[in-house]
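Working notes, beginning with the structure itself.
The values are calculated or read from the model by the stated rules, or taken from the named source; none is laboratory data. All figures in this text were calculated on a predicted structure; none of them were measured in a lab. For neighbour counting, all protein chains shown are included, and Cβ atoms are generated from backbone atoms with ideal geometry for every residue, glycine included.
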Amino acid sequence: MAEPTIQRFDTRAAFQRLLADVMARATVSLDLFDPDFALFRLGDPDVDAVLRRFLRGGGRLRLAMHGGAHIERHCPRFPRLLRDHRHRVECRITHKGIRHLTDSFCIGDARDIVRRCHSDHLRGEAAFDAPQETGVPRERFSAIWEESQPGLFPTTTGL
């Protein structure tokens, strides 16, 4: 395994570049948490292509969020991705009791991570080839996941 690297960022462009790097490197799992995923570009063609390649390769994608309105309104490709790969993609919506959580992160293969301490700010860091950096966020994601309900379905009826 390569030496761990940590990169700090404080711009939208740097966040999105590092997020794309984490997604592109993943082969097994991508676990994402954000209140609304507004900065994740899930509707962009390049992100859609990376996620489709990941899912065709057997990867598993899990998203946890406070609400799916942004994705439903601004990411038309994402519901198609859900429909095409429903056996490999799962989305959950948090309950009101944990809607105060404001961090944001993407964990790839329990080895790479990009995270922001607060979803309203662009300051954060990314760590690559650093499984020790993903331990606490993975536990946090598991706790959020357990406290959430299925949501964001490929059709309006949820089928």
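So the values come out like this:
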quantity: Out of E146, E125, E90, sole residue that is within 19 Å of V28 (Cα to Cα) and at pLDDT 95 or above; calculated: E90
quantity: Selection count where residues are of a type in the set (A, V, I, L, M, F, W, C) and either under 16 Å from E90 (Cβ atoms) or in contact with a helix residue (DSSP H, G or I) (Cβ under 6 Å, 6 or more places away or on another chain) (or both), scope the range 123-142; calculated: 3
quantity: Residue that is nearest to the chain's Cα centre (by Cα), among those in the range 21-55 that are more than 16 Å from F78 (Cβ to Cβ) and among the charged types (D, E, K, R); calculated: D31
quantity: Answer from A14, A26 - the residue that is within 20 Å of R123 (Cα to Cα), modelled with pLDDT of 95 or more and surrounded by 16 or more Cβ atoms within 10 Å (Cβ to Cβ); calculated: A14
quantity: Residue tally, condition surrounded by fewer than 16 Cβ atoms within 10 Å (Cβ to Cβ), in a loop (DSSP other than H, G, I, E, B) and touching a residue at least 12 places away in the same chain (Cβ under 8 Å), over the range 96-108; calculated: 2
quantity: Among (1) farther than 17 Å from A14 by Cα; (2) assigned to a helix (DSSP H, G or I) - the single one I93 does not satisfy; calculated: (2)
quantity: Candidate set from the range 35-67 (those that are under 16 Å from V89 (Cα atoms) and of a type in the set (D, E, K, R)); member that is surrounded by the fewest Cβ atoms within 10 Å (Cβ to Cβ); calculated: R56
quantity: Residue satisfying condition, being within 23 Å of A14 (Cα to Cα) and exposed (fewer than 14 other Cβ atoms within 10 Å of the Cβ), within set R83, R111, R115, R123; calculated: R123
